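Inspection log for the structure reproduced underneath, given as structure tokens.
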Amino acid sequence: MDAFGIREKLIAGYRSFTEGFVDIQDPRIKDAVVELGDKGRQWPDPWLSLNPSFSSGGRVDELVRRGLLHPDCDAIFRPKKDGGDRGSAPITLHKHQRDAIEIAAKKASYVLTTGTGSGKSLAYIVPIVDRVLREGTGKGVKAIIVYPMNALANSQMEELSKFLDNGFGGKPPVTFARYTGQERGETRENILKNPPDILLTNYVMLEYVLTRPEERQSLIRAASGLQFLVLDELHTYRGRQGADVAMLVRRLRDACNAQSTLQCIGTSATMSSGGTVARQQRDVAEVASRIFGTVVSPEHVVTETLVQATTNQHRSDQDLKAAVRERGDAEYSSPTLDGGYTLMTSDPLASWIEDTFGLTTEQESGKIIRRQPQTVTHAAEELAKQTGETASSCATAIRATLLAGSRAKHTETNRPLFAFRLHQFISKAGSLYATAESEDTRLIETDFQLTVGEAEKRLYPLAFCRECGQEYLMARLTETGGESRFIARHELKMQDTGGPDNGQDGYLYISTEQEWPEQAIEAGRIPASWLNEAVSGNRVIESKRKRIPSRYRVQPD
């Protein structure tokens with residue numbers, strides 16, 4: 001997938017959409033709009049974040065041999081394509097997933113705070129499945145997993161099905177079901193009659209389960225001695241909603257008689273963003289303890305352990321310069337870009353990209369942590385300073401290397417060298433502003449201020465006729481102490497302000513080629529629908545008379 005190409009198509013489509021509403025008549029204003037589009041005013045450069053490589057926690061079969069997991073986990077946690085696929089080899093876990101499994105084995109509560117794409121769900125699914133296998137399936141609800149949105153629960157159902165349905169001939173070793181309010185008829189009745197080992201729900205439905213007699217009689221009774229409660233995306237529970245969920249957790253613990261059995265697990269990528277990793281662990285532990293109503297120690301706030309995927313850490317500026325020149329055009333194929341995973345890991349530019357977009361070292365602990373996202377444009381400018389090449393060619397080389405890295409897969413894990421994301425922010429069309437002067441001399445600005453220049457010329461937002469593209473200055477006519485003054489009006493809808501004393505909303509039409517005439521009716525400038533024949537000679541219908549434009553002589557200030 002060419003993420004950069006997709007981004008260009010997206011922006012081109014949005015630009016065509018926003019600029020296609022009106023064909024602006026004035027060439028100077030049209031040029032200003034085109035210039036804004038060229039500069040990306042509504043679609044600035046995307047921020048790029050590199051999903052780093054994680055330290056390995058070992059294959060599932062290795063953990064089985066060491067007694068950390070039940071033997072059946074070997075057959076369950078394998079990549080499988082369909083119901084008949086039993087999987088060729090067990091998956092390899094990340095170190096933070098293994099850390100979570102070890103904490104879960106001690107029956108302690110914990111929170112996983114690792115980045116997007118780090119496999120947080122396996123950090124609680126594996127321990128839950130392991131516990132059910134050890135104690136036996138069909139003995140009531142052992143785990144309740146709470147998601148903030150049904151879409152997340154639906155997605156997790158698909159993932160569980162890949163592990164627990166595929167390869168087992170319709171007889172999953174651990175049962176699971178979704179109960180979020182989407183279930184109807186026979187599906188719902190079956191869940192109530194045969195409660196699963198693992199129940200997926202949302203916090204609103206969990207509230208209903210606690211209060212509705214039928215659900216309480218079935219699911220809560222089956223969850224007596226509940227062992228796991230998972231709150232996915234823990235950061236979403238804040239403020240009043242956080243208080244509600246905290247009380248819900250306490251009520252659930254009491255209803256299930258689980259004061260001594262319940263382990264609480266939370267996951268989030270954004271629980272805390274300030275200070276050192278250790279400080280963030282303390283902050284997260286404090287919040288999680290408050291929500292769960294049980295102690296979560298900072299040591300049980302699991303963070304990710306990152307490793308360097310590339311190997312060329314002693315690259316020189318000349319090495320980078322040669323790599324930039326070798327890349328050439330983004331579509332150009334070089335021996336390095338087509339050489340596979342191993343060759344790319346030793347490439348100097350690939351190593352520079354990982355350090356620039358992916359990893360940095362925390363000074364206080366020496367721990368490798370993620371870098372904050374940045375733009376390719378900014379990174380290219382830095383690379384240009386190092387290599388002496390142009391920023392444009394550096395940007396092209398960076399994009400080419402990122403795309404090649406996304407195609408280069410590790411032979412065992414099938415993980416790409418570079419898994420990256422583009423974060424594109426798009427805003428609605430902004431306003432243009434102009435001074436009340438003739439077309440050739442007026443100032444056209446993209447940022448509003450009351451006045452511009454030493455002469456303090458007033459700025460007014462521009463509005464356009466969708467049919468002909470004629471521009472108008474959005475204004476309000478005010479009168480104070482007998483002095484009339486036009487000021488900027490920012491609301492497109494005109495307000496009925498009650499007359500000159502309170503201000504009159506309207507549009508200023510300024511044209512040197514088609515000046516508004518003294519006798520507008522005779523000049524044919526009034527819409528035909530506004531006119532009728534009358535004995536008095538006043539041909540403008542009564543409902544439109546107040547809307548006939550008036551001539552004013554306006555100074556720029």
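The values are calculated or read from the model by the stated rules, or taken from the named source; none is laboratory data. Keep in mind that what you see is a predicted model, and the values were worked out from it rather than measured. Here the Cβ is made from the backbone with ideal geometry for all residues, glycine too, and neighbour counts use every protein chain on show. Accessible surface is based on the protein model in full, side chains and every heavy atom, while ligands, DNA and RNA are left aside. Shrake-Rupley method; radii C 1.70, N 1.55, O 1.52, S 1.80 Å.
Observations on the model:
- Label-to-label distance for L492 and I369 is 4.4 nm, based on points extended 7 Å past Cα in the beta-carbon direction.
- Annotation: extensible slack from E522 through R7 equals 180.0 nm (criterion: 0.36 nm per residue apart, minus Cα-Cα distance).
- Modelled label positions at R41 and H423, each set 7 Å beyond Cα in the direction of Cβ, lie 2.5 nm from each other.
- Segment 127-269: C-alpha gyration tensor shape, a/c 1.5 cut-off, then a/b vs b/c: rounded
- Distant-in-sequence amide H partners of Q374 (H built 1.01 Å from N, under 5 Å): L48
- Potential lengthening between T413 and I548 on full extension [0.36 nm per residue; Cα-Cα distance subtracted]: 41.2 nm
- Long-range HN-HN contacts of G58 with modeled amide H, under 5 Å: L93
- Residue pairs, from the table K139/K193; K139/K171; K9/K39; K30/K493; K80/K120, whose Cα atoms sit over 21 Å apart: K30/K493
- With a Förster radius of 25 Å applied to the beta-carbon distance between R188 and A89, the computed FRET efficiency rounds to 0.10.
- Segments 184-195, 291-302, 375-386 sorted - mean Cβ within 10 Å per residue, highest first: 291-302, 375-386, 184-195
- Residues whose placed amide H lies under 5 Å from that of R415, excluding near-sequence neighbours: H410
- Residue-normalised accessible area of the chain, expressed per residue, 1.4 Å probe, Å²: 53
- The angle separating the long axis of helix 150-164 from the principal Cα axis of greatest extent in the chain is about 30 degrees.
- For segment 431-510: rounded, prolate or oblate by the Cα gyration tensor [a/c cutoff 1.5]: oblate
- Between the helical axis of 317-327 and the longest alpha-carbon principal axis of the chain there is an angle of about 80 degrees.
- Our helix-only sum for the chain, with -39,500 (n - 2.57) per DSSP H run of n ≥ 4 divided by its residues, gives a mean residue ellipticity at 222 nm of -10000 deg cm²/dmol.
- Nearest-ten-degree value, helix 95-105 long axis tilted from longest Cα axis of the chain: 50
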